[in-house]
Ligand SMILES: Cc1cc2nc3c(=O)[nH]c(=O)nc-3n(C[C@H](O)[C@H](O)[C@H](O)COP(=O)(O)OP(=O)(O)OC[C@H]3O[C@@H](n4cnc5c(N)ncnc54)[C@H](O)[C@@H]3O)c2cc1C
C-alpha cells in the first residue's frame, strides 16, 4: 500500500472543528410571526387559507398580510386581515404603505383597521408602482415610513413594525444613513423592526451590533425566507438588495426540474440558518411564507415550536 497517496484521514483530522449547535430543547421556545400576501384568485385564496389553518396551531405572535406594490391590493389586504381577525385565533397585522395615497386616505385605512379590531400595522414606505423606476412621494401623502409611523401614532395605540435592511436599502446613500433612517422610524414610535430576508447569518449579526451601537434596543426580528424557487429568488434579490451567496447557487445546481429535492434542500438551508441564529441567542423569527405552510411548518418545528390546541 502506498502511504504517500492522498491521506484522507489526515485531511479529515486537520479540517476545521465545528462545535455542535445546541439542541432546541436547551433553548427558549421561539416567538414567531408569519407573513402572507393577499391572494389574487379563488384557487390561491384556498391555498392561503389552508396554509393559515395549518400554521395557526403554532400560535405565532402575529401574522401579517402585505400591501401590493403601489398600494394595488388595498381592499384585498383589508379583506384578508379582517377575515383573520374575525375567523381565527391569530393576531393579524396589516402592512400599509405611503405609495399612491394622500395622508387622509392612508389614515382612513388605518382607522378602518382599528374599527375591525386590528391593532398591529407593518408601516412601510412602499416601492414605486410597476413601470416607475424611482420612488416619488404622493403629493399630500406621507413621504416615507418615518412619517407614516408618526401619523399612525396620532391615530391610535398601534403596535407598529417597520422594515430594516441588514445589507442596506438599495436607495440608501450609505449604510450609516440607512441605519439613521431606521433609528428615526423607531424613535417616531415603532415597536419592532423586521428585516429584509438575508442568507448570510454573519451579515445579520454584524447589523445587530451596529443597531445596538446606534442606541437601538427594540427587537430587529430576522426575516426568514425559505427558498424553494431559487431562480425566482435570485431575480427578486437583485431588485431588493439582498445578496445570494454563491454556495446557495451550488446547493440548488441541477435541481431546476426537481421540485421535491429542491424543497428538501430549501428546508435544510433554512433550518441551518435559524438554528445558527437561535444558537446566537435570537429567539424571534419572521417567516416569509409565500402563502405556503410546508417549509415554514417544518422549520418552526425544528426550532422547537409545537402545535397548541386552538
Ligand atoms: C418586513 C418588510 C415588509 C415589507 N412589506 C411590503 C409591503 O407589504 N408592500 C410593499 O409595497 N413593500 C413592502 N416592503 C418593501 C418596502 O416597501 C421597500 O423596501 C421600500 O423601498 C422601503 O420601505 P421602508 O418602509 O423601509 O422605507 P423607509 O424607511 O422610508 O426608507 C428606506 C430607506 O430608503 C432611504 N431613504 C428613504 N427616504 C429617504 C430620503 N428622504 N432621503 C434619503 N434616503 C432616503 C433610507 O436609506 C431608508 O432607510 C417590505 C419590506 C420589509 C423589510
Requested in this report: Relative to the longest principal axis of the C-alpha atoms of the chain, give the angle of the C-alpha long axis of helix 201-213, reported between 0 and 90° and rounded to the nearest 10°.
Outcome: 50 degrees
Query raised in the report: With the chain treated as a Gaussian network of Cα nodes joined by springs under 10 Å, which of 263, 235, 185 yields the largest mean-square fluctuation?
Result: 235
Query raised in the report: Hey, what's the Cα Rg ratio for segment 196-270 versus the globular rule of thumb, 2.2 N^0.38 Å?
Result: 1.27
Requested in this report: Could you work out the relative contact order of the chain, using alpha carbon pairs under 8 angstrom and six or more residues apart, expressed as a whole percent?
Outcome: 21 percent
Query raised in the report: For the pair residue 180 and residue 308, what calculated FRET efficiency results from E = 1/(1 + (r/R0)^6), where r is the Cβ-Cβ distance and R0 = 41 Å, to the nearest 0.05?
Result: 0.50
Query - Cα centroid of segment 230-273 to Cα centroid of segment 1-67, whole Å - result: 13 Å
Query raised in the report: In nm, to one decimal, how far is the residue 159 label point from the residue 247 one, both placed 7 Å along Cα→Cβ?
Result: 3.4 nm
Query raised in the report: Using the beta-carbon distance between residue 135 and residue 18 and R0 = 51 Å, what value does 1/(1 + (r/R0)^6) give for FRET efficiency, to the nearest 0.05?
Result: 0.75
Requested in this report: Arrange the following residues from fewest to most other Cβ atoms within 10 Å of their Cβ: 290, 114.
Outcome: 114, 290
Requested in this report: Over all alpha-carbon pairs in the chain, figure out the percentage whose distance exceeds 31 Å.
Outcome: 33 percent
Requested in this report: Report the extension gain between residue 83 and residue 50 in nm, rounded to one decimal, defined as 0.36 nm multiplied by the number of residues separating them, less their alpha carbon distance.
Outcome: 10.5 nm
Query - In degrees, nearest ten, helix 103-115 long axis to first principal axis of the chain (Cα) - result: 80 degrees
Report task. Pop a pseudo-label 7 angstrom from the Cα along the beta-carbon direction at both residue 284 and residue 111 and give the gap in nm to one decimal. Result -> 3.0 nm
Report summary line: Taking Cα atoms only, helix 259-279 is inclined relative to the longest principal axis of the chain by an angle, in degrees rounded to 10, of 80 degrees
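When Rg is the radius of gyration of the Cα atoms in segment 103-206 and Rh is its Kirkwood radius, what does Rg/Rh come to?
My calculation of the ratio gives 0.99.
Every read-out reported here was derived from the displayed coordinates using simple, explicitly stated rules and does not represent laboratory data. Bear in mind that the values here come from a model prediction, so they are computed numbers and not experimental data. Here Cβ is always computed from backbone atoms with ideal geometry, including for glycine, and neighbour counts include all displayed protein chains.
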